[in-house]
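Asker: The structure is given below, and queries will be raised subsequently.
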Amino acid sequence: MPEEVLFETERRMDQTEIASYLRTVAEKLESGEDITLSAGDQSVTLTPPAQPTFEVKAERETPSGGGQGELSIEFELEWDEGGEQGGDSSLNIE
């Protein structure tokens, strides 16, 4: 299925700034509110369902020529447009 990027931004931030953004998303999810993402002239509002699929991924990308790699943690919420879905495995984050 082709992918259409609706919103994308990337910049270096302090850990406390990142935690604040994640807290805002968590509060919106807890209250069932829409989530609006905006930066510059980009803006998108999404309405996650009550049970979206939550994907957590830790990755190490190693350059093909050797050298220092890049580590990442990715958090992703997924759902079908107009549909509900949920997973069946448990997750712990410590």
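The rows are residues; the columns are (1) out of contact with any Leu (no Cβ under 7 Å at 6 or more places or on another chain); (2) modelled with pLDDT under 95.
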position: Tyr21; (1), (2): yes, no
position: Thr24; (1), (2): yes, no
position: Ile35; (1), (2): no, no
position: Gly40; (1), (2): yes, yes
position: Glu55; (1), (2): yes, no
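Asker: Kindly provide the set of residues from region 48-63 that are loosely packed, with under 11 Cβ neighbours inside 10 Å and of a type in the set (Ser, Thr, Tyr), ordered by number.
Answerer: Selection gives Thr62 alone.
Asker: Still on this structure, please answer the following. Regarding Glu81, is this residue modelled with pLDDT under 95, closer than 18 Å to Val5 by Cβ and among the charged types (D, E, K, R)?
Answerer: For Glu81, the condition - modelled with pLDDT under 95, closer than 18 Å to Val5 by Cβ and among the charged types (D, E, K, R) - is met.
Asker: While we're looking at this one, here's another question. Let me confirm something: among Glu30, Glu76, which residue is acidic (Asp, Glu) and either in a loop (DSSP other than H, G, I, E, B) or surrounded by 10 or more Cβ atoms within 10 Å (Cβ to Cβ) (or both)?
Answerer: Glu76
The values are calculated or read from the model by the stated rules, or taken from the named source; none is laboratory data. What you see is a predicted model; the values in this text were computed from it and never measured. Here the Cβ is made from the backbone with ideal geometry for all residues, glycine too, and neighbour counts use every protein chain on show.
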